[in-house]
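These notes are about the structure you will find just below.
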Amino acid sequence: MKRLISTFALAAGLAVWAAAAVAGPVSNDDILKDATSTGDVLSYGLGPQGQRFSPLAKLTPETVAKLVPAWSFSFGGEKQRGQEAQPLVHDGVMYVTGSYSRLFAVDARTGQKKWQYDHRLPEGIMPCCDVVNRGAAIHGNKVYFTTLDARLVALDKDTGKVVWNKKLADYQAGYSNTAAPLVVEGKVITGNSGGEFGIVGMVEARDAETGELVWQRPMVEGHMGTLNGKESTMTGKLNASWPGDLWKTGGGATWLGGTYDPETRTLFFGTGNPAPWNSHLRPGDNLYTSSTVALNPDTGEIKWHYQTTPHDGWDFDGVNEFVSFDLKKDGQTIKAGAKADRNGFFYVIDRTNGKLLNAAPFVSKITWAKEIDLKTGRPVYIDDNRPADPSGAEKGKPVFAAPAFLGAKNWMPMAYSPQTELFYVPANEWGMDIWNEPITYKKGAAYLGAGFTIKPLYNDYIGALRAMDPKTGKIVWEYKNPAPLWGGVLTTAGNLVFTGTPEGFLKAFDAKTGKEVWKFQTGSGVVGCPITWEMDGEQYVAVASGWGGAVPLWGGDVAKLVKDINQGGSLWVFKLPKA
Amino acid sequence: MVILARMKLASRRQFLATLGVTTLGAAALAAGPARARPLDEVVQRNRLRVAVYRDFHPFSYREGGALKGIDVDLANTIAERLGVRPDVFEHTAGETVSDDLRVAVWRGSLFGGEPADIMMHIPHSKDFALRNPEAVLFAPYQRELFALVRDPERVPFADPADLPEEPVGVEIDSVPDFYLLGLDGGRLRRHVVHFPDPRAAVEALARGELAAVLAPRSQIEAALGELRARFPVAAVRLPGLMASSWDIGMAARENARDLAYAAGDVVTAMAEDGSLEALFRRHGVTYAPIPVD
């Protein structure tokens, strides 16, 4: 069907093509093949495994100098805040989300807008960070995205008309949603976010056609899951790693969404930090917070979990993406996965059973743990560096902790190249002073909070794009960036790595050496995720530009570094013209 | 402009002194003529926009669709005495009150909507004012403190440190929550029961599910109502914690001092003529005035 339409388009010319453009539906097979198909980008992560690798090789360190802008598209309005999205491309149409829960469909050849959906946001939303969105999903004739008022919206991909619109959670209780949904075998899978007063992490699957709930899996032990409207099984074992009734409000939000491995038919979702923030009040591992949890996509049953920060007391979260890859070591191929955690360690895990294979630091300073014990899979804590108990004797003693709570790596996804067999990790080198405030206030009442100041570790850079060898845990090369890195990474078979910087550049590096080989100033900070695809025999690259996200809100000293960056809101598309 | 004409220099000083930011205030007064005059704007528009917390019994809450409560009544009275129409709206609490000030008072919401001229129920302390220079804090109208309400048959003494190992209710993620979870190395940890707000905890106490509830006194009193005869309420100190009591006032934008003085004068007058106490009493809450130094 797809081929027929494009043949027709070539024969009849572009104008006719545009008029007759009824793009074909996206099948489950199309999504599963997304990592190898070069003419489209159908999933967040360029394939459900999330490797962000494209087999395209026309662009190379040699030819990239000829990469030029093809068009630019403004998200418009006054709503120019952080643009963290990864665009999708299907049948010559680009689908990209913007800040404030907006979704745009744009002609991928011309940059002409086809339609725009502005989600009507109610008053009284309190997102924790910025009003970002990380991207859409596509399946059948629908595009899906989640909104700041915690809804999942399905739109007709050709007209932008709402097909259905489902409530995921109550925005009045502080819930929100910013992650790209995942479509697996006809189900839309989403996480949850926000609701700091008593949230429990949740993964939910809905029928992609109707939006009806299929299963729910809470991420904190003691809670019941559901399947087809009935209770299924309990997550973990009640009170096994939580005291009292704290599990009821235990945290573990799945705010960054998940990835899927078709080979093992497994979903991987990362979970946020436990509540309350004072770890001394909740002795135990607090499962399954700050973990990666592997799930059966049919039922939502948990296959295994790996907890990166047991008994998290630093707000590290464990939400970072788990990227499936084949680890070739000692003549063997192991079905592995990797995760660069907020806590500063890069983990390589057997994705069939959750067993730790290797863990190594990907930042220069980690104060909370000496190492990860490869035998037990658990961190070797440095107890003196755990933030103090505010109700204990030592009040207000500041602890210097690295990484800072914004993480050695935050939300921005890394990339893996099966060609170089390296991961490309967008890292940040910062720490924080953290202390117990004798008194703070919440909702008009006295409260015991923690105070913190984020501090760069070095004078000349915070951001560091690092090539990690998963076999050895060694850093092969690094690129240092003055401002913190906050955008996703893309790698290609042409031996290139792309990422954006808050200083406004989209940059390309030699994937083997880390040599910077190309850059383009987009006019505002780049915190989006670049993509590449092929159209009419030419290789294209696209990235959203628009400064924002959590850094300018919480940066401490770091905020000074980025205060002069102008806001923006646009999509930049580049191509390598035919010779 | 009757109010302005009636405003006494003495009362201005009193408010500034309460805050302990006399020099800041003087600087703002000196810079006054060059700035916008928020009080003039309020009078011109004939509308005082006031932020109150959403779902915050007994201060601001919905009952049968109508917005009610101590803070709502006080906001309405201020508007009435300023001779303008009240425009009270609900604000969803953020992670800290500083977030609330940013969103509801000085910067505004990222989603648009007009910020408040005045926000109710803002903690009133010098430290907190210094940490939030974008807002002016004024007119403290209630001293808040923690109280223990107990089933006297299960808990003989009103001493939180001496609570028996029986279910005790708290509002989730609050000072009483942290205090009891941490007490004596976690002696009561298995017995702390978490509720979305103090009212829900008091309801569970009334049903016999709890032995006691530790929460702000005004919220306990209002939730108890007639049940006060059965369940004694006592103000308590939480030993080892700095935060056993705090004062509640209002906030406006830093450049809105003239509005703050005018609204503050209304509150002073209400405290003097007894109408503030009567207002609290109507809602079943003990009025605890801020002691004058």
Completion exercise
Of the conditions (1) within 19 Å of B:ALA252 (Cα to Cα); (2) in a loop (DSSP other than H, G, I, E, B); (3) within 10 Å of chain A (Cβ to nearest Cβ), the single one that B:PHE111 does not satisfy is (1)
Handout entry: Single residue of B:ALA201, B:ALA222 found to be small (Gly, Ala, Ser) and touching a strand residue (DSSP E or B) at 6+ places or on another chain (Cβ under 8 Å)
Key = B:ALA201
Exercise for the section: Mind counting the residues in segment B:72-94 that are in a loop (DSSP other than H, G, I, E, B) and buried (at least 17 other Cβ atoms within 10 Å of the Cβ)? Expected result: 4
Problem - strands (runs of 3 or more DSSP E) fully within segment A:166-273 counting 2 or more residues that are more than 14 Å from chain B (Cβ to nearest Cβ) and touching a Gly at 6+ places or on another chain (Cβ under 8 Å) - result: A:187-190, A:202-207, A:213-218, A:224-227, A:230-234, A:258-261, A:266-270
Problem - From the options A:THR532, A:THR499, A:THR513, residue that is touching a residue at least 24 places away in the same chain (Cβ under 8 Å) and either of a type in the set (Lys, Arg) or surrounded by fewer than 19 Cβ atoms within 10 Å (Cβ to Cβ) (or both) - result: A:THR513
Practice task
Go through the residues of segment B:215-222 one by one and say whether even a single one is hydrophobic (A, V, I, L, M, F, W, C), under 26 Å from B:GLU153 (Cβ atoms) and assigned to a helix (DSSP H, G or I).
Solution key: yes
Problem - Positions within segment B:129-169 being among the β-branched types (Val, Ile, Thr) and in a strand (DSSP E or B), in sequence order - result: B:VAL136, B:VAL149, B:VAL168
Exercise for the section: Consider A:THR190 carefully, then state whether it is surrounded by 24 or more Cβ atoms within 10 Å (Cβ to Cβ) and either within 30 Å of A:VAL93 (Cα to Cα) or modelled with pLDDT under 95 (or both). Expected result: yes
Handout entry: Condition met for B:GLU165 (among the acidic types (Asp, Glu) and within 12 Å of chain A (Cβ to nearest Cβ))
Key = yes
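Yes or no, residue by residue, for (1) buried (at least 24 other Cβ atoms within 10 Å of the Cβ); (2) of a type in the set (Val, Ile, Thr):
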| position | (1), (2) |
| --- | --- |
| A:LYS161 | no, no |
| A:VAL200 | no, yes |
| A:GLU209 | no, no |
| A:ARG217 | yes, no |
Exercise for the section: Kindly provide the set of residues from segment B:119-158 that are more than 28 Å from B:ALA79 (Cα to Cα), of a type in the set (D, E, K, R) and in contact with a strand residue (DSSP E or B) (Cβ under 8 Å, 6 or more places away or on another chain), ordered by number. Expected result: B:ARG150, B:ASP151, B:ARG154
Completion exercise
The residue from B:PRO156, B:PRO133, B:PRO140, B:PRO160 that alone is more than 11 Å from chain A (Cβ to nearest Cβ) and in contact with a Gly (Cβ under 7 Å, 6 or more places away or on another chain) is B:PRO140
Problem - Residue list for segment A:62-76, restricted to those being in a loop (DSSP other than H, G, I, E, B) and in contact (Cβ under 8 Å) with a residue 40 or more places away in the chain - result: A:THR63, A:LEU67, A:PHE75, A:GLY76
Problem - Subset of segment B:225-258 [of a type outside the set (Lys, Arg), away from chain A (no Cβ under 14 Å) and either in a loop (DSSP other than H, G, I, E, B) or more than 19 Å from the chain's Cα centre (by Cα) (or both)] - result: B:GLY225, B:GLU226, B:LEU227, B:ALA229, B:PHE231, B:PRO232, B:VAL233, B:ALA234, B:GLU254, B:ASN255, B:ALA256, B:ASP258
Completion exercise
Looking across segment B:59-71 at residues that are surrounded by fewer than 23 Cβ atoms within 10 Å (Cβ to Cβ) and under 15 Å from the mean Cα position of the chain (by Cα), the single one that is farthest from the other protein chains (Cβ to nearest Cβ) is B:LYS68
Exercise for the section: Return yes when B:HIS194 is modelled with pLDDT of 95 or more, touching a Lys or Arg at 6+ places or on another chain (Cβ under 7 Å) and buried (at least 16 other Cβ atoms within 10 Å of the Cβ) and no when it is not. Expected result: yes
Practice task
Check segment A:450-463 and report whether any residue there is of a type outside the set (A, V, I, L, M, F, W, C) and within 14 Å of chain B (Cβ to nearest Cβ).
Solution key: yes
Handout entry: Test for A:ASN286: is it of a type in the set (S, T, N, Q), within 14 Å of chain B (Cβ to nearest Cβ) and part of a loop (DSSP other than H, G, I, E, B)
Key = yes
Completion exercise
Those strands (runs of 3 or more DSSP E) completely within segment A:346-463 that have 1 or more residues that are within 21 Å of A:ASP285 (Cβ to Cβ) and within 28 Å of the chain's Cα centre (by Cα) are A:356-361, A:369-372, A:379-381, A:399-401
Problem - Any chance B:VAL97 is surrounded by fewer than 20 Cβ atoms within 10 Å (Cβ to Cβ), of a type in the set (A, V, I, L, M), touching a strand residue (DSSP E or B) at 6+ places or on another chain (Cβ under 7 Å) and in contact (Cβ under 8 Å) with a residue 24 or more places away in the chain - result: no
Completion exercise
Of the listed residues (B:VAL88, B:VAL97), the one being at negative phi and facing chain A (nearest Cβ under 7 Å) is B:VAL97
Exercise for the section: Please work out if B:ALA161 is touching a helix residue (DSSP H, G or I) at 6+ places or on another chain (Cβ under 9 Å), in contact (Cβ under 8 Å) with a residue 24 or more places away in the chain and under 19 Å from B:ALA263 (Cβ atoms). Expected result: no
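One line per residue, one yes/no per condition, for (1) of a type in the set (Ser, Thr, Tyr); (2) under 22 Å from the mean Cα position of the chain (by Cα); (3) buried (at least 22 other Cβ atoms within 10 Å of the Cβ):
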{"residue": "A:THR235", "(1), (2), (3)": "yes, no, yes"}
{"residue": "A:ASN239", "(1), (2), (3)": "no, no, no"}
{"residue": "A:TRP242", "(1), (2), (3)": "no, no, yes"}
{"residue": "A:LYS248", "(1), (2), (3)": "no, no, no"}
{"residue": "A:THR254", "(1), (2), (3)": "yes, yes, yes"}
{"residue": "A:GLY270", "(1), (2), (3)": "no, yes, yes"}
{"residue": "A:ASN273", "(1), (2), (3)": "no, yes, yes"}
Exercise for the section: Answer yes or no: is there a residue in segment A:80-88 that is in a loop (DSSP other than H, G, I, E, B), within 14 Å of chain B (Cβ to nearest Cβ), surrounded by fewer than 20 Cβ atoms within 10 Å (Cβ to Cβ) and at pLDDT below 95. Expected result: no
Handout entry: Residue tally, condition away from chain B (no Cβ under 14 Å) and surrounded by 23 or more Cβ atoms within 10 Å (Cβ to Cβ), over segment A:146-159
Key = 4
Exercise for the section: For B:TYR287, indicate whether it is in a helix (DSSP H, G or I), touching a residue at least 12 places away in the same chain (Cβ under 8 Å), hydroxyl-bearing (Ser, Thr, Tyr) and touching a strand residue (DSSP E or B) at 6+ places or on another chain (Cβ under 8 Å). Expected result: no
Exercise for the section: Scan segment A:469-492 residue by residue and report those that are surrounded by fewer than 20 Cβ atoms within 10 Å (Cβ to Cβ) and not in a strand (DSSP E or B). Expected result: A:LYS471, A:THR472, A:GLY473, A:PRO482
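The values are calculated or read from the model by the stated rules, or taken from the named source; none is laboratory data. Treat the numbers as computed from the prediction; the structure is a model and nothing was measured. Don't worry about glycine lacking a Cβ; one is built from the backbone with ideal geometry, like all the others, and counts go over all protein chains shown.
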